[in-house]
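The values are calculated or read from the model by the stated rules, or taken from the named source; none is laboratory data. As the structure is a prediction and not an experimental result, all values here were calculated from the model. Positions of Cβ are backbone-derived with ideal geometry, glycine not excepted, and every protein chain shown enters the neighbour counts.
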Amino acid sequence: MKNFLLTFLAVLAAGALAAGAFFRWHCDDALHAAAQEHDAMKWLRTEFHLSDAQFAAISKLHEDYSVECADHCAAIGSARAQLAAAEKSGQPAATLAALRRKVAERELACRTAIGVHLRKVAALMPPGQGERYLQMLLPRVENYGHQGAPTVRLDG
Amino acid sequence: MNTSPDPLSGFLQRWRIAPPGDPQFRTAVWARLQAARDTRWVVYVRQHAAASCAALALAVVAGGWLGQWQAHRQATQDREVLATTYLAEIDARVIADTRAAPHEHH
């Protein structure tokens, strides 16, 4: 009985060792570190195998886009605030519809701008990686209106 | 018809066995029991080589698969977190959502 238990424990230990070894072997440490730090740019660099030059160019592109993004954010925020105020004060349906159209137009402008930006970023990536980047992110941007904040289920 | 008593019956009644006494008998039995108990583990494994190897192989394959699956699962979750973070940084609609309801977002 003692030997049986010893054998059982040895087999269990071997299984645990194999699990640990395979986990370490397949684990993407850089990806995990970036996720822990919520560092999207670090992820971008490792996930899409960017060279230093490509990473610098993409970072610059993001910096430039952040100004445009802030303008879109302000425009959308303002339109949404107007709509919320109109709804609260019981404005006529026609006014509400016009304000809703305004929000939708500004959101569309934002979505179009993100699409253009993502394509510019993709163009700076190594061959094949740009397509993967767009396939991963564009559908989430397009689906914003249907699912609230962009969904990022990558296995879907 | 022969009615005389069977001599075999009397012989069996008188038959006695007197084996020579072995003072070590009890000790020897316990010694053998103890030896069986003390079989070394390596010997035990050799005696059950087929079953031991099969169990070991199964554990290694199952463990390996589990480790790989867990790493893949973690990578998927990490990508999800990072893609969310990335899009939240460049999508003005999400930023506007966050500013409108900061308590609902991280």
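Observations, loosely collected:
- A single member of A:14, A:33 is surrounded by fewer than 20 Cβ atoms within 10 Å (Cβ to Cβ) and either facing chain B (nearest Cβ under 8 Å) or at positive phi (or both), and it is A:14.
- Within the option set A:91, A:36, A:54, being in contact with a helix residue (DSSP H, G or I) (Cβ under 9 Å, 6 or more places away or on another chain) and in contact (Cβ under 8 Å) with a residue 60 or more places away in the chain holds for one residue only, A:54.
- Residue in the range B:73-85 that is of a type outside the set (A, V, I, L, M, F, W, C), in a helix (DSSP H, G or I), under 28 Å from the mean Cα position of the chain (by Cα) and facing chain A (nearest Cβ under 7 Å) present: no
- Condition met for residue A:43 (exposed (fewer than 14 other Cβ atoms within 10 Å of the Cβ), part of a helix (DSSP H, G or I) and at pLDDT 90 or above): no
- Residue under evaluation residue B:14, criteria (1) modelled with pLDDT of 85 or more; (2) within 30 Å of residue A:4 (Cβ to Cβ), criterion not met: (2)
For every residue, the table says whether it meets (1) assigned by TED's automatic domain parsing to the domain that holds residue A:132; (2) free of Cβ contacts under 8 Å to residues at least 12 places away in the same chain; (3) of a type outside the set (Lys, Arg).
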position	(1), (2), (3)
A:2	no, yes, no
A:5	no, yes, yes
A:9	no, yes, yes
A:12	no, yes, yes
A:15	no, yes, yes
A:21	no, yes, yes
A:27	no, yes, yes
A:32	no, yes, yes
A:44	no, no, yes
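- Every residue from the range A:50-65 that is modelled with pLDDT under 90, exposed (fewer than 12 other Cβ atoms within 10 Å of the Cβ) and not acidic (Asp, Glu): none
- Test: residue A:111 is crowded, with 16+ Cβ neighbours inside 10 Å and free of Cβ contacts under 8 Å to residues at least 40 places away in the same chain: yes
- Restricting A:82, A:129, A:91 to residues that are surrounded by fewer than 19 Cβ atoms within 10 Å (Cβ to Cβ) and under 23 Å from residue B:83 (Cβ atoms) narrows the list to A:129.
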